[in-house]
1. Hey, does segment 274-289 have a residue that's within 15 Å of the ligand (Cβ to nearest atom) and open to solvent by 20 Å² or more (accessible area, probe 1.4 Å)?
2. Look at Glu252 and say whether it is among the acidic types (Asp, Glu), more than 17 Å from His123 (Cα to Cα) and touching an Asp or Glu at 6+ places or on another chain (Cβ under 9 Å).
3. Out of (1) away from the ligand (no atom under 16 Å from the Cβ); (2) assigned to a loop (DSSP other than H, G, I, E, B), the odd one out for Val209 is which?
4. Across segment 54-87, what is the number of residues that are within 16 Å of the ligand (Cβ to nearest atom), in a strand (DSSP E or B) and either on the phi > 0 side of the Ramachandran plot or in contact (Cβ under 8 Å) with a residue 60 or more places away in the chain (or both)?
5. Search segment 231-247 for residues being modelled with pLDDT of 85 or more, in contact with a strand residue (DSSP E or B) (Cβ under 6 Å, 6 or more places away or on another chain) and outside any strand (DSSP E or B), and hand back the single one that is farthest from the ligand (Cβ to nearest atom).
Amino acid sequence: MRSWRGLPLLLVLVLWLGAAPAEAQTRVNVVASFSILGDFVRNIGGDRVDVTTLVGANGDVHVYTPTPADARTIAAARLLVVNGFGLEGWLPRLLQAAGGKASIVTATQGIAPLKAGSDADPHAWQSVADAEKYVANIRDALIAADPADADVFRQNASNYLARLETLDAEVRQAVGRIPQSRRKVISTHGAFGYFAARYGIEFIAPIGVSTEAEPSARDVARIIAQVRKAHIPAVFLERIGDPRLIRRISEETGAKVGGTLYSDSLTDEKGDAPTYIDMVRHNIRTLTSALAD
Ligand code: ZN
C-alpha cells in the first residue's frame, strides 16, 4: 500500500480538512486580554479550549494599542476574559470595533478592589488568594459557554486550585523567613499592592498603578528620601516600565538592585515566568534572596 506521502498534496489536504471539524467544534474559542489570564484559561480549559491572548508574553497591558487583527479575534470568540478594575482601558473601543457575540467575564468579579488614589488598583492577581477567585470566575464562565464540558472544567479547576493553595502557603512561609525589619522594597510601578496586603511585604513604587504616568522629579526625590530614611534594603526592576529610574534610586541610596520581578506579564517558554505559578515562584525567590540577610 502506498503511504500518505505518495498521495497528491491536494488529496492529503482534503483528507485533513475533512477530519478537522469534528474536533474543532468541541473546542471553545476563548480570548484573554493578557498573558496571565490566558494561562488561567489554559489550566481550566485544557484541551477543550483554544486560547488567544491579546497582550502576549512580555507585553504591557496598561499601554496596549489594539490592532485590527484583535478586532477579528474577538469577533470570532465565544468567551472573552478580562481583568477589569480599569486595567484594559483600551477595551471598550476595541469591543465596539469588533462586534461579535462573545460573552465577557470579568475575572476580578467578587474581589474587593484596593484603592490607588481615586482609582482601583487592578493587580489583584498578585495575591494568590485572589487568583483563586479569578479561577473560579473563569471556570463558571467556561461552564456557561460550553455546558457539555462542565465536568472537565470543574475537575481541571479543582486540580489547579489545589496547586494555587500550595503556592499561597509557599509564599507565606517564604515571607515569614524574611526578618520583619527588611520586609520593604521599591519596585518600578505600583503592581504589588495585593501581594503586600496578603503577604506583608511593603512595596513602594515611584509611579502609580499604571505604567502610563512618568514620575516627576519631586516623586523621585521623595522616594530617594524614603529609601534612606526607612533603610530600605533593596530595589527591584520589572520587565515592563523604565529600568533607569530604579538604577538611579539604587545609585543614590546604596540600596541594592535585587533583581527583576514579573508583575503584569508572563515570559515566553524560555523565560523565568512562562506560567503564573512560575511567575509567583520566581518573584518570591528573588525577594527572599535579596532580603534574607
Ligand atoms: Zn501594572
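1. Checking segment 274-289: not a single residue is within 15 Å of the ligand (Cβ to nearest atom) and open to solvent by 20 Å² or more (accessible area, probe 1.4 Å).
2. Values: among the acidic types (Asp, Glu): yes; more than 17 Å from His123 (Cα to Cα): yes; touching an Asp or Glu at 6+ places or on another chain (Cβ under 9 Å): no.
No; evaluated as a whole, the condition is false for this residue.
3. Of the numbered conditions (1) away from the ligand (no atom under 16 Å from the Cβ); (2) assigned to a loop (DSSP other than H, G, I, E, B), the odd one out for Val209 is (1).
4. Going residue by residue through segment 54-87, those that are within 16 Å of the ligand (Cβ to nearest atom) are 54-64, 82-87.
If we keep only those that are in a strand (DSSP E or B) too, we end up with 54-55, 82.
Filter once more, keeping what is either on the phi > 0 side of the Ramachandran plot or in contact (Cβ under 8 Å) with a residue 60 or more places away in the chain (or both): 55.
Of the residues in segment 54-87, 1 are within 16 Å of the ligand (Cβ to nearest atom), in a strand (DSSP E or B) and either on the phi > 0 side of the Ramachandran plot or in contact (Cβ under 8 Å) with a residue 60 or more places away in the chain (or both).
5. Here the residue is Ile232.
The values are calculated or read from the model by the stated rules, or taken from the named source; none is laboratory data. Just so it is clear, the model here is predicted, and its values are computed rather than measured. Heads up, the Cβs are rebuilt from the backbone with ideal geometry, glycines too, and the neighbour counts pull from every protein chain shown. With ligands, DNA and RNA removed, areas are computed over all heavy atoms of the protein, side chains included. Shrake-Rupley method; radii C 1.70, N 1.55, O 1.52, S 1.80 Å.
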